[in-house]
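The values are calculated or read from the model by the stated rules, or taken from the named source; none is laboratory data. Please read these numbers as outputs of a predicted model, since none were measured by experiment. So basically every Cβ, Gly included, is an ideal-geometry build from the backbone, and we count neighbours across all protein chains shown. In case anyone asks, the SASA skips ligands and DNA or RNA and just uses the protein heavy atoms, side chains included. Shrake-Rupley method; radii C 1.70, N 1.55, O 1.52, S 1.80 Å.
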Amino acid sequence: MLPRLCGAYFKQKLYILPTTKNAKMSFLSRIAEKTTKFSCLRLMSVYPTHYVDPIVQKEKQNEQKNELSKLYHIPIKAAVNKSSDTVFHDDTKEKMINYITKKGNSALARTLLSKTLELIKRTQTEHMNLAKGDKNAINTNAETLLKQAVENCRPLLQVTAIKRGGVTYQVPVPITTRRSYFLSMKWLLEAAREKERKVSLPEKLAWEILDAAHGQGRVVKRKDDLHRQCESNRAYAHYRWS
């Protein structure tokens, strides 16, 4: 589908659509080169380039209160359908729901995560009631424990295969913040799903989150093994730039 062009531009130059495949590709490449010269053209986004992203969260609005006056006369994109400014909205929970979802059944994924957080809350409350020492030291906030578990499971490095001189080396490379959060949540779900199938997913996931929040469990061990492998292969780190 060709990009929409201004009527004035078509009045100046009229193109005849080619018939062959190579000619079509060259025609599209010529049109793509012209797109940067006209503000009325739209590439892969619904909005033009001068539109800015919306600030949905009230906390961020309060932080950027001085800069909001600059956006009075700038067009703003519409907020995403799932975005919310309520106190119950959390980016970590939304991402975890997306990773749990299978075949588009997000309602089931949201129910499973809610049951998981409920089990974490019940377990921590039971530990607090049975504790003989300082009961305030036990964290009973399930959302805080989920964030802490994700942070404890985040890898900082990973190994990638690079071939040099007919030999394949496992070279340690740093990963982005977004990728590290993705791997952390993915490993938590994989560890929960690998357990025995007789136990429901919320129970297994709750166990893994509690173990990871306290710095133990299979996911934390997996992260440590990956870091240990990167440390042992640090002699090949220079292949990353060569």
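Could you list, in sequence order, all residues of region 197-218 that are touching an Asp or Glu at 6+ places or on another chain (Cβ under 6 Å) and part of a helix (DSSP H, G or I)? Show your work before the answer.
Narrowing region 197-218 to residues touching an Asp or Glu at 6+ places or on another chain (Cβ under 6 Å): 217.
Scanning region 197-218 gives no hits.
Working only within region 129-154, note down all residues that are more than 16 Å from Ile209 (Cα to Cα) and either in contact with a Leu (Cβ under 6 Å, 6 or more places away or on another chain) or among the basic types (Lys, Arg) (or both). Full working, then the answer.
Initially, region 129-154 is screened for residues more than 16 Å from Ile209 (Cα to Cα), giving 129-137.
If the condition is that a residue be more than 16 Å from Ile209 (Cα to Cα) and either in contact with a Leu (Cβ under 6 Å, 6 or more places away or on another chain) or among the basic types (Lys, Arg) (or both), then Lys132, Lys135 are the ones that fit.
Quick check on my filter: what residues within region 201-230 are open to solvent by 30 Å² or more (accessible area, probe 1.4 Å) and either free of Cβ contacts under 8 Å to residues at least 24 places away in the same chain or touching a Gly at 6+ places or on another chain (Cβ under 8 Å) (or both)?
Correct list: Trp207, Asp211, His214, Gln216, Lys221, Asp224, Asp225, Arg228.
Report, by residue number, each residue of region 52-90 that is hydroxyl-bearing (Ser, Thr, Tyr), open to solvent by less than 70 Å² (accessible area, probe 1.4 Å) and more than 23 Å from the chain's Cα centre (by Cα).
Passing the criteria: only Ser69.
Please list, ordered by residue number, the helices (runs of 4 or more DSSP H) wholly in region 38-153 having 1 or more residues that are in contact with a Gly (Cβ under 7 Å, 6 or more places away or on another chain).
142-152
Is one or more of the residues making up region 97-114 in contact with an Asp or Glu (Cβ under 9 Å, 6 or more places away or on another chain) and modelled with pLDDT of 90 or more?
No - not one qualifying residue is present in region 97-114.
Does Glu190 count as within 22 Å of Thr101 (Cα to Cα), assigned to a helix (DSSP H, G or I) and not small (Gly, Ala, Ser)?
yes
Return the pairs, sorted by first residue and then second, in which the second residue is modelled with pLDDT under 80 and not in a loop (DSSP other than H, G, I, E, B), the first residue lies in region 76-94 and is aliphatic (A, V, I, L, M), the beta carbons are less than 9 Å apart, and the residues are 6+ apart or on different chains.
Short answer, once both residue conditions are applied: none.
Does Lys135 satisfy being in contact with a Phe, Trp or Tyr (Cβ under 9 Å, 6 or more places away or on another chain), free of Cβ contacts under 8 Å to residues at least 12 places away in the same chain and surrounded by fewer than 17 Cβ atoms within 10 Å (Cβ to Cβ)?
no
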